[in-house]
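The values are calculated or read from the model by the stated rules, or taken from the named source; none is laboratory data. Treat the numbers as computed from the prediction; the structure is a model and nothing was measured. Cβ atoms come from the backbone with ideal geometry, glycine included; neighbour counts cover every protein chain shown.
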Amino acid sequence: MQSQAMPANPVPGDVTSAVLAIGRPDFPKVLIDTLRRQAEVGHCMVFALSRAGAARCLLDAGNIPIGGDLGAAYAGQFHESDPNREALFEAEGSAPIVLPQFAPRMYGARYRKIFFQDSGIVDKCATAIWTGDTCFYVNFYRIAAQGRFSAAQRERLEAIAPAIAASVARHFQEAATPDQSLAALFATRPPLSALTPREQDVCRRILAGFSSEAISQALRISLHSTLTYRKRAYERLGISSQNELFAIVLRLLSAPHGLN
């Protein structure tokens, strides 16, 4: 079963909180809360795989008590027998991919016992993104008490996975606070850097979920001025909505050189 390129148009507003948590200590909590809210994910684990063959567990959050042990076991040796390994290493470029749908028969008996039977995991979905020589492999799990993902939940995960994968990669590559990360994007990366400083101020607050009224209060300008700056910024960017603005940021986050 072949891996698939992720949908080109994710539902960005649903994962804004995770994107804005990039670089913060509470990123794992915000991430799992976002995944629970959007698709009732029980547990999330992130691994960094290198083309040289090394593996590390970067994140383990959720409702699996032995998640830490599973992460260590996978990074220690089981990554080499992961049935998704071929699909992961055949992926090209920096576009997020979705891995084949989970089926127990894909896994060897020992792998199945340790990672599914002993842990209570009954289903998983996964996405991955390469940045340079590192693959960020993001796994979403559900345990027996939750049952398997529904078709609607899988569809939702596929919709938000590009933003989740890019956010995870950015978080583990970037130690800056989220505001500094966004500021760097707006200051240095076209087309955002083409905006005036005040237009950037307004757009960054739009991304943070501020209403036009709240932006006016925060910047101490009139509502009319806020709406004018937003209109001008959108015209420069060739967009007409918050979702399109978020899509530009997401594209920059997941670009080959967008994590520097």
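Just to be sure, is GLU80 at pLDDT below 95 and not in a loop (DSSP other than H, G, I, E, B)? Considered against the rule, which asks whether it is at pLDDT below 95 and not in a loop (DSSP other than H, G, I, E, B), GLU80 comes out as yes.
Would you confirm whether or not segment 168-186 contains a residue that is touching a strand residue (DSSP E or B) at 6+ places or on another chain (Cβ under 8 Å) and either at pLDDT below 85 or farther than 30 Å from GLY132 by Cα (or both)? Yes, some residue in segment 168-186 is touching a strand residue (DSSP E or B) at 6+ places or on another chain (Cβ under 8 Å) and either at pLDDT below 85 or farther than 30 Å from GLY132 by Cα (or both).
Evaluate segment 209-217: report whether one residue or more is closer than 14 Å to LEU250 by Cα and either of a type outside the set (Ser, Thr, Tyr) or not assigned by TED's automatic domain parsing to the domain that holds VAL122 (or both). Explain how you work it out, then say what you get.
Filtering segment 209-217 down to residues closer than 14 Å to LEU250 by Cα leaves none.
Checked segment 209-217: no residue is closer than 14 Å to LEU250 by Cα and either of a type outside the set (Ser, Thr, Tyr) or not assigned by TED's automatic domain parsing to the domain that holds VAL122 (or both).
On the given criteria, is ILE129 in contact (Cβ under 8 Å) with a residue 12 or more places away in the chain, surrounded by 22 or more Cβ atoms within 10 Å (Cβ to Cβ), of a type in the set (Val, Ile, Thr) and touching a Phe, Trp or Tyr at 6+ places or on another chain (Cβ under 9 Å)? Here the answer is yes, as ILE129 does meet what is asked.
From the list GLU213, GLU235, the lone residue that is part of a helix (DSSP H, G or I), exposed (fewer than 14 other Cβ atoms within 10 Å of the Cβ) and either modelled with pLDDT of 95 or more or in contact with a His (Cβ under 6 Å, 6 or more places away or on another chain) (or both) is GLU235. Scanning segment 90-116 for residues that are surrounded by fewer than 16 Cβ atoms within 10 Å (Cβ to Cβ) and either among the charged types (D, E, K, R) or not in a loop (DSSP other than H, G, I, E, B) (or both) yields GLU90, GLU92, PRO104, ARG105, MET106, ALA109, ARG110, ARG112, LYS113. Pairing each residue of segment 183-195 that is without any contact (Cβ under 8 Å) to a residue 40 or more places away in the chain with any residue that is surrounded by 14 or more Cβ atoms within 10 Å (Cβ to Cβ), provided the two are 6+ apart or on different chains, yields C-beta distances under 6 Å for PHE186/LEU192; PHE186/GLN200.
Scanning segment 206-245 for residues that are farther than 23 Å from ASP14 by Cα, under 29 Å from the mean Cα position of the chain (by Cα) and of a type in the set (S, T, N, Q) returns no hits.
Of all residues in segment 23-57, exactly one satisfies the criterion of being part of a loop (DSSP other than H, G, I, E, B), at pLDDT 95 or above and hydrophobic (A, V, I, L, M, F, W, C), namely VAL41.
Answer yes if at least one residue in segment 117-126 is crowded, with 20+ Cβ neighbours inside 10 Å, modelled with pLDDT of 90 or more and either outside the structural domain of GLN153 (by TED's automatic domain parsing) or under 15 Å from the mean Cα position of the chain (by Cα) (or both), and no otherwise. Within segment 117-126, one or more residues are crowded, with 20+ Cβ neighbours inside 10 Å, modelled with pLDDT of 90 or more and either outside the structural domain of GLN153 (by TED's automatic domain parsing) or under 15 Å from the mean Cα position of the chain (by Cα) (or both).
The set of residues in segment 17-47 that are β-branched (Val, Ile, Thr), in contact with a Phe, Trp or Tyr (Cβ under 9 Å, 6 or more places away or on another chain) and within 13 Å of TYR141 (Cβ to Cβ) comprises VAL41, VAL46. For ASN139, the conditions (1) farther than 15 Å from ALA48 by Cβ; (2) surrounded by 15 or more Cβ atoms within 10 Å (Cβ to Cβ) are fulfilled apart from (1). Applying the criterion of being part of a helix (DSSP H, G or I) and surrounded by fewer than 19 Cβ atoms within 10 Å (Cβ to Cβ) to the residues of segment 2-15, the residue that is modelled with the highest pLDDT is ASP14.
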